[in-house]
Each structure stands twice: as C-alpha cells, then as structure tokens.
Amino acid sequence: MFSQFFVARRKMQFGARNNVQQLRNDIQKFEIFLSSVTSPLYQFPPNLTGTMSILQIGLCASLDEVNLDRLKTKNIYKTTDFVSKDPEEISHSTGVPYKDAVAIRKFILAQKSALPVKGNIFYKNAVESTTIISTGLNSVDKLLDGGLYTGEVTEICGGIAAGKTQLCLNVSASVIKQDCQTAVFIDTGTSFSARRLAQMLPSTSKLEETLARIHLYTAYDIYDVFNILESVRVHLKTPSDKDFYSRLRLLVLDNVASVVYPFLGGGAFAENQGLLCSLGHMLKSLAVDFSIAVLITNNTVGGERGMPAASLGRFWSSVHHVRLLLGDKDGTEAERTVTVLKNCRGETRCSMDVCILTDGPLQ
Amino acid sequence: MANKETGLQFLARLGTRPHVSGIEADVFGSGPQCKDVIEIYGEEGTGKSEFLSHLIVQCILPEAWSSIDLGGRGASVIFIDTEYKFSILRLVSLMEKQVLQKLADCGKEFRLDASQIEVFIEECLERLYIVRCSSSEELVITLHSLEGVICNDPNISLVMIDSISAFYWLDRSLGGDSIPAQEANLKLTVEALTKLVNTYNLVLFATKSAVYKKKSQDSVGFDRGSGVYDMSNTGCGRNCLSEDLDLLHAEFMCKPWQRFVSHRLILVKDTGNQASDAGNQTFVIGGDCVKGNQRFKVTQAGFKLVDE
C-alpha cells in the first residue's frame, strides 16, 4: 500500500548512502538549532517543519560539500528551489557539473515526491482495508450508513454534559468486545472511566482480557497530543507492539477543544491556525494511511441565528469527514438527539434519538 | 540557450489529448478549453469535492460501451488530494449509478450483470491517477515528477487539485513575518503548474476553501425589549439565485495564482426557505457560470442541477 511503498523506498535509499551517520548528525544539529531559535509555543512536529526539505551533504552521492557550496552561492538552499530550476540552468549559473545536477534532481524527485496510484489499485486497497465500525447504537449506525468507517475522521460536537464522552465510551466498548480489534483512547479531560466502560460491555465477556484491548493516554496540552499521535504512528509503522497495533481500528480523542482553547485566541493568529492545521493533518493521515477510524469530540458555541455551531473555527470544519451534533431532546433527562451536520458520504440533517442510561450501554 | 527535450516530450507536447469540452454544458458552455484554469471556491460543505467527483466520472467514462451511449470523454485525469478527503468508494458508486442510469435511458433490453459492470468500472479507473500530498514542499516536488507521468500517458488531459488552499495556514505560520517566505512554496507550485498546463495543453481544476469570509450581508437584530432575536432579515429573504456571488469571494492567495486563474466558480449553500428539510439541502453555483447562477443538489447519484 501507499505507506509501505514509501517506507520501502526510503530503506532502498538509505542502503546506498555511505555517510549515514553524518547525515543523522547534520539533521540533529539543525533541529537543535531550530528549537533554540523558535519559542516553545510555536514548535511543530518535526516531520512537518520542513527540515527535511533542506539540501544537505550526503542526501545523495552527487551532493558533496563542493557542490553544496556552489549551490549556496546562488541561494539554492532547499530541495524545492533546486527542483524548480532546470538542471542546465543550475549547472550554468553555479558551476555544478551537469551530470551531478541531473543526478541530484532525479534523486530528489524519486525520494521526496508522492507516488501517483492508479484508480483501480487504489480502489482495491480501499475495499480491502475499509471496515465499518458499529457505534453500538442501532439508530446512530443507521444514520451513518453502517457506522464509523475506517479511513475517516468523525467528529461529535455537543454542549457541556451532552454525552459526548459516553458516546465515545460506547463506541470503544463495541470495538473492544471483538477480539480482533483494539482501540486507543486519548483523554484530555480525565473523563475516561474504566468502570463505565465495563458497564457497557456485555456481561459475558472476560473483563480483564477485553479491557486490555484498549490503551489509554492522558494529554494535558496540544504538544502531548502531538507526541502521542506521533508515537502511535511510529508503533503502527514498526512492528514493536505488533499484537496490539496490527489490530488497531479506533482512535478516540476526547476532547479536542480543551487542548486547543489555551492557545486559540491569543495574539498570533497565523501560528495558532498552523498548529490546528498540523493537528488536523496528523489525525487525517493516521486515519487514511493506517485504515483507522478516528473519533474526536468538540464543544459547541452559539452560531448563526442562535443555532449551536461547533467550536474551533472555520478551518477545523474542513478536517472531519462526518460531523454529528449531540443535543438535548426537549429537556428530558436521559434522552439526546443525534443530528448529522455534515456527511461526506450521505445525507445531512437527519437525526435520531439516543437514550443514555445510568448503567449499561446506550440505546 | 535552446530548450532541449526528448523525443517523447516532443510528441507529448504536440500530440493531441482527448478534449473535455462539453461536459456539464450548463455550467461550462462549450468549455472547458485547453489551458483553462478553473478555480472552484466555496465554504465548507458546499459541494466542491462532490462537483470534482462528478466531473471525474464524466471524464473517465468512455463515449460508449457495449453500444450504450455513456456520454463520457475517455480522458485520463490526475487527481491531487491535499486534504486526504478523496473517497474512491463514493466515486465508484457514482460511476455505477451513471452507467445504470444510461442503461435505463437507452431503453434497450440489456441485461448486464453486476460482474460485467464491475470489470468495466475497473477499466475506467485505470484512467485515474490519485496522488496524496502532505505538505506544500511535497506538492512542489510532486508536480515536477508528474511531468514524467504526463509525458508517458497521452490520454491525460485533466489535472485536479483538491484543495490548493490546504496548506495556507501552515505555510503562513512557518514563513514567519516575511510574506515572500510565506508564499514561496505557493509561487513555486504555480510555476510548476503553469509549465505543465501550458506545455501539455491540460485543463486544471482547483478547489479553494473560503479561508476568510466577507462580512455577511444579513443582520441579526436583537430586540432588547422582548429579548428576542429578530430573524426576519436573515437567510430566508436572501435569494441566492439572483445574488452576485462574486462578491462573496475573498482573495487570499498570492498574486501569481490570481493571474494564473482564468475562470472562477463560486458555490454557496442555499439559504432559501426549503433548505431546512432533511436531505433537501440545495446549493447554488455561480461566478463564471455560463448560464448564470444555478441551483443544484447533491443526491445519492451525485451533483445534479435542479431545474426551477
């Protein structure tokens, strides 16, 4: 599949390089430099900072110190700058031998660009890797045409005490009660309760074994969330805790708004939106690259015409594939209404009622 | 210095590619012509990606199959997905519905079984290339490497990018305070696209999400006396069909991109009175639309213009 392709290509290139250690040192030095000049509030996950796009010695055989200095005299520091110029022009203006310029260009294009995949292969992969995860509630499953789809990000928004965490726990319970599936729960507001989760599991299941299929992480700010998502990604790529991660089907992030609010609204609007962009990107790429269903919860704020709208702004509305609104049902204590606000795959604005009981699963 | 090119590049440049004019005539008229760059602008959830999927279906289906007139163009499409939102399952379902619809329209007593249609759809999917980019640097480098793909396949006549504004905030925050640094990657993207579109006579569609919103024209008045919001002005009165949608467009991209775009389509959610029913949400497409603003719906069969 796509990510395997990428990893294999990288391995191939790594084998051909002779001074890998020096390359690692260079990258480390640059990252230390970068972290020292930018203030901690604006640090981004390393794979998104663009440090990988700097031309460095050892990137490929033809890019030695001499050539690198020649390129620097003409202000060509980044791979993007190099690739945008014709190799003949580069050779003419910087004195780098034409053969070397062509070789470096080929190398960059082979290593740094994304591979196009033909539609039929893409389709086959999608069919094989997409599973539908039941939410545990028949009514919501009907709304979502089967349930949560892997490869998609679903967002549940609702007011305070609307039942978002309850719904997340219900979905987690329905995932882990099957032994071929595991789940990761990232809790930002210490609202996870193993006891409540146990109440939602069928009474016949072996409790300890079932609960071992969910891993709980606590995050107190957005950098914790980034670290956790990054470590999940690393685990998924390398076969360390293979038993758990090869069966991972669900990732829950409850509640996104509580880690975003501390920095949103501060002075640097562009930087804050950039962080939101990185977070959205990490969630989407985890869902798509590893066929996981990502479930996030969000708060609501008063929107246009008095209707509740999801918080975190306009940019965040482009991150999810499906958005559900959990609202009160006319003041009744235990009942809630689930409305579909946005659906990439089907109809919007339909709603169903859900009942939250004190013990036992939701209905 | 003369520009060198290989024989393959020469043929790829001068050879003819399948034309895509005539698709969706109500929107494009006789276009889209070669070297057209069409920007599709709209807020979240207004149907931009749906519209692109609809266009893909029209392009990759052939003109006819088993003597059924399908009305496609048989052209190959490169789809660059920066938002990780492209759903191939949805595309296949749209194609199936289109084929079945044309079959029913034909009226002939054809009994094609599901496996034949499946094989046919997989053949059509070979005309689609999907590329996923995760950063603006990767986008620039990918566009340069796509030149090789375009050279080798003389059937490619359409490039779609969904969306071109996906990395806007990331680039802005990484660029710091200097605007040239923020826009550097976007400028290089536009350069690469210009080269591809002009050298190989392609058509480019790009979606752009509404990052900034112009101040809304409707006002919600709060009546202090009774403590009630005065809803009479909002939404219901605004008739999107007669509105000039160009006014809703707020530009935020760099100047090279603005010069590059030849046409702009604007999509909005229709806030007319019937819009609040479940499943009945209508949208309006306007801007450089040939027949003026038109209403459309997104049904199970995809994008569909609604006649008044």
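The values are calculated or read from the model by the stated rules, or taken from the named source; none is laboratory data. In this text the structure is predicted, and so the values were computed from the model without any measurement. We place every Cβ from the backbone using ideal geometry, glycine too, and count neighbours over all the protein chains shown.
For A:E271, work out the one condition from (1) at the interface with another protein chain (Cβ under 7 Å from one of its Cβ atoms); (2) closer than 30 Å to A:F244 by Cα it doesn't fulfil.
(2)
Exactly one condition in (1) modelled with pLDDT of 80 or more; (2) within 14 Å of chain A (Cβ to nearest Cβ); (3) in contact with a strand residue (DSSP E or B) (Cβ under 9 Å, 6 or more places away or on another chain) is not met by B:V211; state its number.
The number of the failed condition is (3).
Limited to region B:151-187, what total is found for residues that are crowded, with 19+ Cβ neighbours inside 10 Å and either more than 10 Å from chain A (Cβ to nearest Cβ) or among the aromatic types (F, W, Y) (or both)?
Total meeting the criteria: 14.
For region A:233-268, give me each residue that is within 14 Å of chain B (Cβ to nearest Cβ) and of a type in the set (D, E, K, R).
Within region A:233-268, just A:R233 meets the criteria.
If we keep just the residues of region A:250-270 that are surrounded by 21 or more Cβ atoms within 10 Å (Cβ to Cβ) and of a type outside the set (A, V, I, L, M, F, W, C), which is nearest to A:L236 (Cα to Cα)?
A:D254
Looking only at residues in region A:205-236 that are out of contact with any strand residue (DSSP E or B) (no Cβ under 6 Å at 6 or more places or on another chain) and under 17 Å from A:K177 (Cβ atoms), which one is surrounded by the most Cβ atoms within 10 Å (Cβ to Cβ)?
A:T210
A:K124 passes all but one of (1) touching a helix residue (DSSP H, G or I) at 6+ places or on another chain (Cβ under 8 Å); (2) within 11 Å of another protein chain (Cβ to nearest Cβ); (3) surrounded by fewer than 19 Cβ atoms within 10 Å (Cβ to Cβ); which number fails?
(1)
Okay, residues lined up against (1) modelled with pLDDT under 75; (2) out of contact with any strand residue (DSSP E or B) (no Cβ under 7 Å at 6 or more places or on another chain):
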| site | (1), (2) |
| --- | --- |
| A:N255 | no, no |
| A:E271 | no, yes |
| A:D289 | no, yes |
| A:V294 | no, no |
| A:L312 | no, no |
| A:T348 | yes, no |
| A:M352 | yes, no |
| A:D359 | yes, yes |
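Does region B:114-132 contain at least one residue that is part of a helix (DSSP H, G or I), within 11 Å of chain A (Cβ to nearest Cβ), without any contact (Cβ under 8 Å) to a residue 40 or more places away in the chain and among the hydrophobic types (A, V, I, L, M, F, W, C)?
Checked region B:114-132: at least one residue is part of a helix (DSSP H, G or I), within 11 Å of chain A (Cβ to nearest Cβ), without any contact (Cβ under 8 Å) to a residue 40 or more places away in the chain and among the hydrophobic types (A, V, I, L, M, F, W, C).
Report the residue count in region A:69-106 for those that are assigned to a helix (DSSP H, G or I), touching a residue at least 24 places away in the same chain (Cβ under 8 Å) and within 11 Å of chain B (Cβ to nearest Cβ).
4
Could you check region A:104-126 and list, in sequence order, the residues that are among the hydroxyl-bearing types (S, T, Y) and closer than 14 Å to B:A192 by Cβ?
Hit for region A:104-126 is A:S113, nothing else.
Is it the case that some residue within region A:148-165 is assigned to a strand (DSSP E or B), surrounded by 15 or more Cβ atoms within 10 Å (Cβ to Cβ), polar (S, T, N, Q) and out of contact with any helix residue (DSSP H, G or I) (no Cβ under 6 Å at 6 or more places or on another chain)?
Within region A:148-165 (the criterion being assigned to a strand (DSSP E or B), surrounded by 15 or more Cβ atoms within 10 Å (Cβ to Cβ), polar (S, T, N, Q) and out of contact with any helix residue (DSSP H, G or I) (no Cβ under 6 Å at 6 or more places or on another chain)), the answer is yes, since at least one residue qualifies.
Could you figure out which of (1) touching a Cys at 6+ places or on another chain (Cβ under 9 Å); (2) surrounded by 23 or more Cβ atoms within 10 Å (Cβ to Cβ) isn't true of A:I90?
(1)
Would you please name the residue that is surrounded by the fewest Cβ atoms within 10 Å (Cβ to Cβ), looking only at residues in region B:22-69 that are polar (S, T, N, Q) and within 14 Å of chain A (Cβ to nearest Cβ)?
B:S49
Can B:V190 be described as more than 7 Å from chain A (Cβ to nearest Cβ), in contact with a helix residue (DSSP H, G or I) (Cβ under 7 Å, 6 or more places away or on another chain), over 27 Å from B:P62 (Cβ atoms) and not in a helix (DSSP H, G or I)?
No: the conditions fail for B:V190.
So which of B:L100, B:L125, B:L112 is surrounded by 16 or more Cβ atoms within 10 Å (Cβ to Cβ) and not assigned by TED's automatic domain parsing to the domain that holds B:C289?
B:L125
Just need a number here: residues in region B:63-92 that are over 25 Å from B:L143 (Cα atoms) and modelled with pLDDT of 90 or more.
1
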